[in-house]
Amino acid sequence: MSETTNENKKDRHLKRFHYTIDQAIEKPFNWQQIWRLLTYLKPYAKTYLLGAIIAMIVSTAVRLAVPIIIGKVAFDVAIENKDVGLLTYLVIAIGLLYLLSYVGNIYRIKWVNLLGQNVIYDLRQHLFTHVQRLSHRFFDNRSAGSILVRIMNDTNSLQELFTNGIINLLMDIATLLGIIVILFTLSPKLALAVMVILPLMFYISTKLRRKIRRSWQNVRIQQSRMNSHLNESIQGIRITQSFSQEKENTEFFNGVNTDNFQSWRTASSKSAMFRPFVEMSNAIGTVVLISYGAHLIILGPSDGGIKLGTFVSFAFFLGMFWDPISRLGQVYNQLLMAMASSERIFEYLDEQPNVSEKDNAIEFEEMKGHIAFDKVQFSYDSERIALHEISLEIKAGETIALVGHTGSGKSTIANLISRFYDPTSGTVKVDGHDLKDVKLSSLRNHISVVLQDTFIFSGTIMENIRFGRPDASDEEVIEAAKVVGANDFIERLADGYSTEVEERGNILSAGERQLLSFARALLANPSIIILDEATASIDTETEVKIQNALRRLLKGRTAIIIAHRLSTIRESDNIFVLEQGKILENGDHDELMEQKGEYYELVKSQFQMLDAM
Amino acid sequence: MDTFKKLKKFYWPHRKYFFISLFFLFFVTGITVVYPIILQLTIDEVVAKERYSFIPYIAIGFLVLMFIKGISTYLHQYLGDLFGITTVFHVRNSLYKKLQILSFKYYDNAKTGDIMSRLTADVEGFRFFLSAGFAELIRIALLILMSLSVMFYYSIPLALVTMAAMPFLAIVVFKFDKRVHPAFRGIRKSFGRLNTRVQENISGMQTVKSLSREDFEIGRFSGSNDNYRQNYLKTSNIWAKYFPLMEFIGNFCAVALLAFGGYLVISSQMQPGELVAFFSLVWYIMGPLMNLGFVINQFSQAKASGERLLEILEGKEDIVEKENAINKPIKGHVTFDDVTLTYVEDDDEALKNISFDAPPGKVVGLIGATGSGKTSITQLITRFYEPEQGQVLVDGHPVSDYQIKALRKHIGFVLQESFLFSTTIRENIAYGNPNVTEEQIVDAAKRAQAHDFIMDMPNGYDTLLGERGMGLSGGQKQRIAIARAICINPSILVLDDATSAVDMETEFKIQQALKEVMKGRTSFIIAHRISSLKHADEILVLEEGKIVERGTHDELVENNGPYQRIYDIQYQDRDAIMNPSAV
């Protein structure tokens, strides 16, 4: 027993990371979904789609006509009768046909791509726009990565279907039927004979291909696993080196790498069978053609046989069999994958915003910033109530602080004011209007939310501040930065306001990011400011700057602050102490200290720390 | 070629796969060219001369040949693949190993995205070339040569006609390749931009919604979305221009064959079967030619990929263990003797003439503005960087004399940004020491004030963290990171702003717990809050890489220096706050 535990411990690091890759790669066929996808073709039905189909018909027709001309006319008539004149005509005719098919191909490729790209553009635009309109609840439950995958990869995986897939499907069915009809017209007996390869070809293009596809899917899963680990190991390299786990991780990776290698080998050994199988089936077809065809030629046309030209045409067509069958198999695969992707896309498109606007919603011309909660109850899910019948009033221009532990309901109150969620019962009013009667954009245009961790978009500092109000001039941006005291550090940067920044970059410190978000909020010139104070690591000097900036930012506005710093709390007009979704007490600092209630205890504990150590 | 020579040690040991694969390629190509010959023989020798009796022989012979070809094709492809994936397996292991060793200095200047693209796209490019690209070049050359030989054997004039078309095709292929590859890069770049745009939008969704900038964002997205569409269409237009043209040249060649060949057959200078064979042979030349550009491009890309891989494999290892490096338990006596550190040459010093002495068990507090050098000091103790001047000693030996693992396994680090791995909470805590027992893990979690919230989770210590795992608050992550550091039972403990992201009450709890943990260990505490380092035995106040003030809290608080200023800012209102009525 103890031996096994030892064994386990020794190999523990070989199983130390867990990566789950569970995205379904294909789904069963579903007509309804196909139909819905096809509606995206509608705007282009009379232009690109029609054009592409015509161009496709032209090149297919030429492809089918030429072997007949060469075989039936050139060989059987011109060459046999030694008719040089006819041969010349034929050559010119075929040349012209090829020219026609050349032009047809140019337009087919052009239109097919225009069609595909426009459809994908529309679909992606539709999806992105829709996602922008969705409410907080939607984003609460999903990771950024999973949303990204749908907007980018799932739409992209439909690209091939819309570009070549649909046209190829039509073209291949036409070609296949065309060949079969022609072969049976030329010689029913020989046609029937060479058809023996059809079932074999279908087997290869469906069953064998499915096996191969499955094995490649396994490769992809192994690769995602490996890539997840690589990505993580690079990001966590400092931790790894701090704990000197380099060797252990290398051993772990060796395992992942080996799994990946094995899956490749399996997939490769299966897919290497594909070509030999195809060629064998072609060879069987050829053997049938040679043995039975030769027999028929020798019989001669008068005795139910064929002429040499027919034989030549057959040889050509036999070679043309494989491509359409193979592509049909591919299109079928594409469709199955499209099922999975489109299901995920439609799932998002069918998602409705939880917070919806009334048709006759009113617009705020001007907002004073008076806020009233009347018996507001709220729960994020059915199990846990986040707010219990909260009633409170915030006068225009007042600064209030929300104080309490994580989960006490501070953020919920803030989120309800911006109407990121609707209360389960009760009403939230701003300037006397129930928020449900107000236009969302008009409400939010008058409210600025400054979050604990400010998001920095890649772009210049100027652009990042201007995000608060896109039509602000450079001067206004700089003015805002000056007011909050961000101007100093910005001008110290290499390119000043033109310095390129990004979310993961380390050009800006936590404190500087805060100041930037203040400038952004100030530029928007809101009537109400909601501020989630940062707990992040900020040195004391910067902290002082932030406090000063904050005062200037809040001046003359209604402010709701989810407060962590005593100094902020103390300066508030009204402090609400929350616990488990209820207001325990409220009043200004002095009043609450006198009361010696929960607030008093909280403040005391902060100083205790200093003394206790 | 130099690139491939340098990478030789990865692929050369597996050369047998490659050569056997090549051996079978000869069969494949040879038999391919036999097909038109059989067609010709059937038409001219059997049919035209009405010799039925040959048919079974031809049919069986053909089937046998095709069977051999099938097996050869299989082996050629499979062994070729195996050559590629085996090589790449070893390349990946070496890359990973190297990446584990490369120093902080390397990672300071590297972007995760860039390294990832080398590990994925470049490794794949290299594999593809080994598996298929190189053999494909040989195949093309063989096929064209053999086909031409057969053609010349059948009819010299007709072969010349075919050859006349080749230069035209070659020019078109060349032009096409020259234009299509930059266009493809354009698509990839544009897709990357679109991807970044969406990623930013979603990650910053809170900000977007807070400022109700949805329409603005939709506008920006449309721009990127359209740019991608335009880039794609630009590429497809290149295809539309050249691809039909290539096909047309091939077809034109076939028409010329028909005209001239038909004439030759009519004038009995050639047999009809030979003409039919020509129609197949001409595509054996045209097809590979169309592919040639692609393959050559593969070659140059594989070379570029190889170079990028070599950049990692040959990356400079700044931190190298000495040959007779020492490996002995560390008590935790840390001494800095006039240490100066510069991260990038010719840059300002990050640390200037730092000296201090911390015997085992001593608690050192480091305070100062962002960028003043607090973190740099701790990173020298673990030898993540090497000082430019001066010495960093642990237990009297320079840190460079130790085996790296021996040194670091005695130092527990809690970094400012607590990075946790995609695995269970248990494995995260055990990260530094896979041999710990369950009791030790729970004990570490308890000491870090993490046990209670962990037990509140549905899966307790088995809760998975990471992208798809449970989301933790900043404070919770930090406490797990602290437990992870405690779990290795270090002699030296470094807390780099470890409690900044937790609320006051939790901080208080953690501080008390840490006080217990720090007993008997040399500890370095980096903090902005006076409360976090008040109890330190010595506090170093840093400004621009220099120690400007040092002493205990009681000394510094009356020193009229920067420390006192920080103290005043943080605590001046204390009385006013606690006793409002008294003011």
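Here are a few things to note about the model shown:
- Each of B:Pro157, B:Pro182, B:Pro167 was scored by the projection of its Cα onto the charge dipole of the range B:156-269, and the greatest displacement toward the positive side belongs to B:Pro182; charges sit on the C-beta of Lys, Arg, Asp and Glu.
- Shape of the range A:356-411, Cα gyration tensor, a/c cut at 1.5: oblate
- Our helix-only sum for chain A, with -39,500 (n - 2.57) per DSSP H run of n ≥ 4 divided by its residues, gives a mean residue ellipticity at 222 nm of -19000 deg cm²/dmol.
- From its DSSP helices (H runs of at least four residues, each -39,500 (n - 2.57)), chain B gives a residue-normalised ellipticity at 222 nm of -20000 deg cm²/dmol.
- Mean-position separation - Cα centroids, the range B:70-131 and the range A:376-450, in angstrom: 53 Å
- Semi-axes of the equivalent ellipsoid for chain A, Cα gyration tensor, largest first, Å: 71, 31, 23
- For the segment A:244-256, counting C-beta atoms of other chains within 10 Å of every residue's C-beta and taking the mean gives 5.
- In a DSSP loop and with at most 13 other Cβ atoms within 10 Å, the GluC sites (Glu not before Pro) in the range B:299-331 are B:Glu314, B:Glu317, B:Glu323.
- Mean silhouette area of the range A:181-288, derived from the convex hull of its C-alpha atoms and averaged over all directions, reads 8.8 nm².
- Charged-residue dipole, Cβ positions (Lys, Arg, Asp, Glu), chain A about Cα centre, Debye nearest 20: 3380 debye
- Applying 1/(1 + (r/R0)^6) with r as the Cβ-Cβ distance of A:Leu198 and B:Lys303 and R0 = 45 angstrom yields a FRET efficiency of 0.50.
- A full extension of the chain between B:Asp537 and B:Asn109 corresponds to an added length of 150.5 nm, given 0.36 nm per residue minus the alpha carbon distance.
- Lys/Arg +1, Asp/Glu -1 at C-beta; the range A:452-525 dipole; positive extreme among A:Leu515, A:Ala472, A:Ile461: A:Leu515
- Distance violations [Cα-Cα > 24 Å] among A:Lys211/B:Lys16; A:Lys247/B:Lys362; B:Lys97/B:Lys409: A:Lys211/B:Lys16; A:Lys247/B:Lys362
- Of interest is the spacing of the C-alpha centroids, which for the range B:154-198 and the range B:1-69 amounts to 28 Å.
- Take the Cα of B:Thr340, go 7 Å toward its beta carbon, and the backbone nitrogen atoms of the range B:389-405 under 11 Å from that spot belong to B:389-390.
- Residues in the range A:483-500 reached by a label modelled at A:Thr460 [backbone nitrogen below 11 Å; 7 Å Cα→Cβ]: A:495-500
- Separation in nanometres of the label points that stand 7 Å from Cα toward Cβ, at B:Lys405 and A:Ile180: 6.7 nm
- Footprinting exposure proxy for A:Arg214, A:Arg444, A:Arg150, B:Arg484 (fewest neighbouring C-beta atoms within 10 Å first): A:Arg214, A:Arg150, A:Arg444, B:Arg484
- Unsatisfied cross-links (Cα-Cα over 31 Å) in the set B:Lys331/B:Lys509; A:Lys555/B:Lys209; B:Lys111/B:Lys405; A:Lys410/B:Lys105; A:Lys46/A:Lys72: A:Lys410/B:Lys105; A:Lys46/A:Lys72
- Note on the protein assembly as shown: with charges restricted to the Cβ of Lys and Arg (+1) and Asp and Glu (-1), its dipole about the Cα centre is near 5720 debye.
- The stretch between A:Gln217 and A:Lys82, if pulled fully straight at 0.36 nm per residue, gains 42.8 nm over its current Cα-Cα span.
- Between the range A:59-118 and the range A:319-349, the alpha-carbon center distance in angstrom: 30 Å
- Per-residue HN-Hα couplings for the range B:180-186 [Karplus 6.51, -1.76, 1.60; θ = phi - 60°; Hz; x = Gly/Pro]: 6, 6, x, 5, 5, 4, x
- Those lysines that a straight Cα-Cα span of less than 23 Å connects to A:Lys42, excepting residues fewer than 8 apart in one chain: A:Lys110
- Across the options A:Met367, A:Pro301, A:Leu387, the greatest Cα extent toward the positive end of the charge dipole of chain A (unit charges at beta carbon of Lys, Arg, Asp, Glu) belongs to A:Pro301.
- Tensor-based shape of the protein assembly as shown (alpha-carbon gyration tensor, a/c under 1.5 rounded, otherwise prolate or oblate): prolate
- Within the range B:156-269: Cβ-based charge dipole about Cα centre, in debye rounded to nearest 20 (Lys, Arg +1; Asp, Glu -1): 380 debye
Every number here is computed from the coordinates shown, using simple stated rules; none is lab data. The structure presented is a predicted model; accordingly, all values stated were derived computationally and were not measured. Glycine also receives a Cβ, built like all others from the backbone with ideal geometry; neighbour counts cover every protein chain displayed.
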